[in-house]
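Novice: Handing you this structure, nothing more for now.
Bear in mind that the values in this text are calculations on the coordinates, not laboratory data. Owing to the predicted nature of the structure, the values given are computational and were not obtained by experimental measurement. Every residue, glycine as well, gets a Cβ built from its backbone with ideal geometry; the counts of neighbours run over all protein chains shown.
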Amino acid sequence: MADHQRNMDLFHDGLAKIFKEQWHPDVLCLAGEDDHEDPIPANKVILGARSDELRELFDGDGKKKETIILYGMNHEALEVFIEFMYVGNSIQYSEKLKKHARSLYFAANLYSIPLLRDLCRYQLMSSLNIGNALDILEISKDDPREKTLHDEARCYVIRHMKEIAFTREFNSFVKRNTSLTVELIRVLAIRGDRTYPKR
């Protein structure tokens, strides 16, 4: 059994080894949010296998090494994104994934990578705090796939409204999201109605 597990680990580590050793890269990836320096080498076949959108970006002849710009990420987030394409789920406990969960969440949507979106959703939900709850509520509001994320953020905001209501972020949020603000006020009004006895 131990040999089987070791063999499984070796098998799954193969793509990670290709990534770390930069074995025969044929595409250079640049972060759209940086000054387009320090491209990250990668393999088109790996990126294309993980994302149809990325496959469409590549040159038709397949022989020319090309450079692509991947938007919505800085250089460090792009490193995590490319590494994920090679190692998948094994990156889920990475500190860098936690740090860049928001931009990677957008990249996962932009390039249609559902597993990465799932990992980022989990990170966003587990990192909810006074400073980011409104942002997470806003980015998840119009996507039916993100009902769980939206509900978690909404509940967090409602539970912590006494602190959140006096932040600058809340003022900006109200201006951009009037209908969502009305929804929050209605929930708070209903809860307040239950809290205070009728006279």
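Novice: Explain nothing, just compute: Karplus ³J(HN,Hα) = 6.51 cos²θ - 1.76 cosθ + 1.60, θ = phi - 60°, for every residue of segment 89-98 in order, whole Hz, x for Gly and Pro.
Specialist: 4, 5, 8, 4, 9, 5, 5, 5, 5, 4
Novice: Mind pulling up the Rg/Rh value for segment 47-163? Radius of gyration and Kirkwood radius, both on Cα.
Specialist: Rounded to two decimals, Rg/Rh equals 1.04.
Novice: Can you pull out the chymotrypsin sites (Phe, Trp or Tyr not before Pro) in segment 100-171 whose DSSP state is coil and whose Cβ has at most 12 other Cβ atoms within 10 Å?
Specialist: Passing both the DSSP loop test and the Cβ count: PHE166.
Novice: Read phi for every residue in segment 77-84 and hand back ³J(HN,Hα) as whole Hz from Karplus 6.51 cos²θ - 1.76 cosθ + 1.60, θ = phi - 60°, with x for Gly and Pro.
Specialist: 5, 4, 4, 5, 4, 5, 4, 4
Novice: Near LYS65, which lysines are there with a Cα under 24 Å away, not counting those fewer than 8 places off in the same chain?
Specialist: LYS65 reaches LYS17, LYS20, LYS44.
Novice: Moving on. Taking the Cα centre of segment 42-148 as origin, sum charge times position over the Cβ atoms of Lys and Arg (+1) and Asp and Glu (-1), and report the length of that vector in debye to the nearest 20.
Specialist: It works out to roughly 200 debye.
Novice: Find the Cα radius of gyration of segment 120-199, compare it with 2.2 N^0.38 Å by division, and give the number to two decimals.
Specialist: Normalised Rg, Cα atoms only: 1.12.
Novice: Taking the Cβ of PHE81 as the center, what net charge do the other residues with Cβ under 11 Å away carry, scoring Lys and Arg +1 and Asp and Glu -1?
Specialist: Residues close to PHE81 contribute a combined charge of -1.
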